[in-house]
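Contents: one structure, followed by commentary.
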Amino acid sequence: MSATDIVAGSVCEFAAVRKLDVLLGRIPAPALEDDAMAGLTAALGDKHEAKVLGLLRDEFGPSRVYEVRPPRTFDRAGLEARHRETIQALRDGFDVVYQGTFFDGSFHGRADFLILQEDGTYAVFDTKLARSAKAEALMQLAAYADQLRSAGVPVHRDGHLILGTDETTSHPLPESVPVFNAARDRLRAVLEAHRLGTLPSTWGDPRWVSCLKCPDCKAEMEAADDLMLVRRMNRSRRAKLIQAGIKTMSMFAAADLPDVGIKMDPLWAELQDQARLQTGTCEVDGTINGVSYVVLENPALVALPKPDPGDIFFDFEGDPLWQDPGTGQWGIEYLFGLVEFTADGHDFISFTAHSLEEERQALIDFIDHVTERRAVYPGLHIYHYAQYEVSALRKLARRHGVMVDEVEELVETGVLFDLYEAVKGSVRISDRSFSIKKLEPLYMPAGRIGVTNAVDSMVQYSVYRDAVDQGRLEAAKSIFSAIKDYNHYDCLSTWKLRDWLINLTR
């Protein structure tokens, strides 16, 4: 087991036993999906780690930093050789041991940095892109400290995380080591018990904790028609239904809840109606392109503003993993997209930013544009979907110290109008998600091509930045054009969604 295995196993034991089933040949290995976002995050993590390594080499001198290379083969002999090499480097007193490797026969791990302290102890330092310390990261520190202690190497009392903000946080290991040891022993017992059996793991086995969120859980939930597939279902509600003998979404849709001891209050009635809609076992008001919908009684549609020729349909594109090279600040809103009505149809207007200075100017230009348009169309509204646009505008105004009052006025007077709140209070659809992408078949049947979701846009923005840095300007222009096309489509989608709600009231 690795430190990562133990941390992951503390969250989802089911995923751990599925992994063991694959290693034992009891089930086929799952098809690997191309996770571009995971690849981007890993690349940024490697860049952060390399930056820290460079700083340590500058501080202590290259000759005082010892790097332990990965083993040529991940077999017992290879792992034991790298373990001995690591311990020898520590005993030789190097100021920094990079990628120190540990193997005790049942545990393998590689610590980012082991740094010699003035009191002769070694402190564990781990790099993390996160902007705050997470419990899982503290367990990893404890794992490496435990290996140092077992090898007879004096360990500093505190472990340290070098965060994506470049802040270094310190954490007393006596508080984390017992947590790590308990998690390690629990996972070891779970895996050993499963290894001694003969059958593969099955979904719903009460011997293992399931997180209900990881890819392994999600795949099994789909196959098993699990209750968690119902929109707004949560762990406690699921547990109550299972205790009553209702284990699947289809069973829930068909159940007489009072007969199994569940009081039919409005919440349970709404959940059951949703299950029936998702399983196709209830009457609907319409079905378009495979998505069924029911209009709710007393719908929130009545709160929709009256259409105005000045209305704006707005969507941001942002990258939380972008980091300013000068200040180290994280995140940028690099594209403000707007669709507006014209005599010939509509215009798509965008304000772009590739630095914090440009982001500040984009915010000013956006607010100025809205102010000028409101002077002509005082009854206009700025439609968006979900709360991101409001929270991002407020964040930008605070970050740059400009347009704070203007943003608040747009929010407080209701000029910024969130369609998500109107939709969720007006209709129920035959999907567990209420993302705008899931609603689009109802009013935009053509579907999306190219960049199709927010994760794609973030990944492509990183590709765009790389192309700019490498001087491939034509390629960069093409990539950013595709991102703008995606943003344009999102703005159009917001417009068409607004018009479809309006149509429902007729």
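Key figures
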quantity	calculated
Only Lys, Arg (+1) and Asp, Glu (-1) charged, at Cβ; the range 281-341 dipole about Cα centre in debye	80 debye
Cα shape, the range 269-411, gyration tensor, a/c 1.5 rule	prolate
Relative contact order for the range 185-338, counting Cα pairs under 8 Å that sit 6 or more residues apart, in percent	11 percent
Cα-Cα pairs of the range 196-343 separated by more than 24 Å (percent)	60 percent
Heavy atoms of VAL295 accessible to a 1.4 Å probe, total area in Å² rounded to 10	50 Å²
Extension gain, LEU267 back to LYS395 (0.36 nm per residue minus Cα-Cα distance, nm)	42.6 nm
Length gained when the stretch ASN289-ILE242 is fully extended (0.36 nm per residue, less Cα-Cα span)	13.6 nm
Theoretical gain in end-to-end length, ASN181 to ARG374 [0.36 nm per residue, Cα-Cα removed]	63.3 nm
Rotationally averaged projected area of the range 457-506 (alpha carbon convex hull; nm²)	3.5 nm²
Highest to lowest packing among 220-229, 24-33, 284-293, scored as the average C-beta count within 10 Å	220-229, 284-293, 24-33
Within the accessible area of the range 283-391 (1.4 Å probe), percent carbon and sulfur	50 percent
Percent RCO, i.e. relative contact order, over the chain, from Cα pairs under 8 Å lying at least 6 residues apart	12 percent
Amide H partners (placed H, <5 Å) of ASP158, local residues excluded	LEU173
Heavy-atom accessible area order for VAL260, VAL294, VAL370, largest first, 1.4 Å probe	VAL260, VAL294, VAL370
Prolate/oblate/rounded call for the range 29-99, Cα gyration tensor, a/c under 1.5 rounded	oblate
Set of lysines near LYS263 by C-alpha distance (under 20 Å), chain-local residues within fewer than 8 positions excluded	LYS240, LYS247
Coarse-grained scattering of the range 386-506 at q = 0.10, 0.21 Å⁻¹, given as base-10 log I(q)/I(0) from a Debye sum over alpha-carbon atoms	-0.44, -1.20
Accessible-area value, TRP208, 1.4 Å probe, nucleic acids and ligands omitted, Å²	20 Å²
Given charges at beta-carbon only (K, R positive; D, E negative), |dipole| of the chain in Debye	1740 debye
The range 337-454, dipole about Cα centre (Lys/Arg Cβ +1, Asp/Glu Cβ -1), debye to the nearest 20	720 debye
Carbon plus sulfur fraction of accessible area for the range 33-164, probe 1.4 Å, in percent	50 percent
Net charge of neighbours whose Cβ lies under 12 Å from the Cβ of ASP285, counting Lys and Arg as +1 and Asp and Glu as -1	-1
Alpha-carbon centroids, the range 406-427 and the range 148-217: separation in whole Å	43 Å
For the range 106-130 versus the range 279-295, the gap between their alpha-carbon centres in whole angstrom	56 Å
Listed residue pairs exceeding 20 Å between alpha carbons, taken from LYS128/LYS477; LYS218/LYS484; LYS134/LYS213	LYS128/LYS477; LYS218/LYS484
Axial C-alpha extent at least 27 Å, average Kyte-Doolittle at least 0.0 - helices from the chain (DSSP)	36-60
Sequence-separation-based contact order of the range 266-362, relative, with Cα cut under 8 Å and 6+ spacing, percent	16 percent
Cα-based Rg / Dmax (Å) for the range 239-311	16.7, 55
Spatially proximal aspartates and glutamates relative to LYS51 (Cα-Cα < 20 Å; intrachain offsets below 8 disregarded)	GLU59, GLU67, ASP95, ASP112, ASP126, ASP166, GLU167, ASP324, ASP466, ASP469
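The values are calculated or read from the model by the stated rules, or taken from the named source; none is laboratory data. These figures come from a predicted structure and were not determined experimentally. Positions of Cβ are backbone-derived with ideal geometry, glycine not excepted, and every protein chain shown enters the neighbour counts. SASA here: full protein model, heavy atoms, side chains in, ligands and nucleic acids out. Shrake-Rupley method; radii C 1.70, N 1.55, O 1.52, S 1.80 Å.
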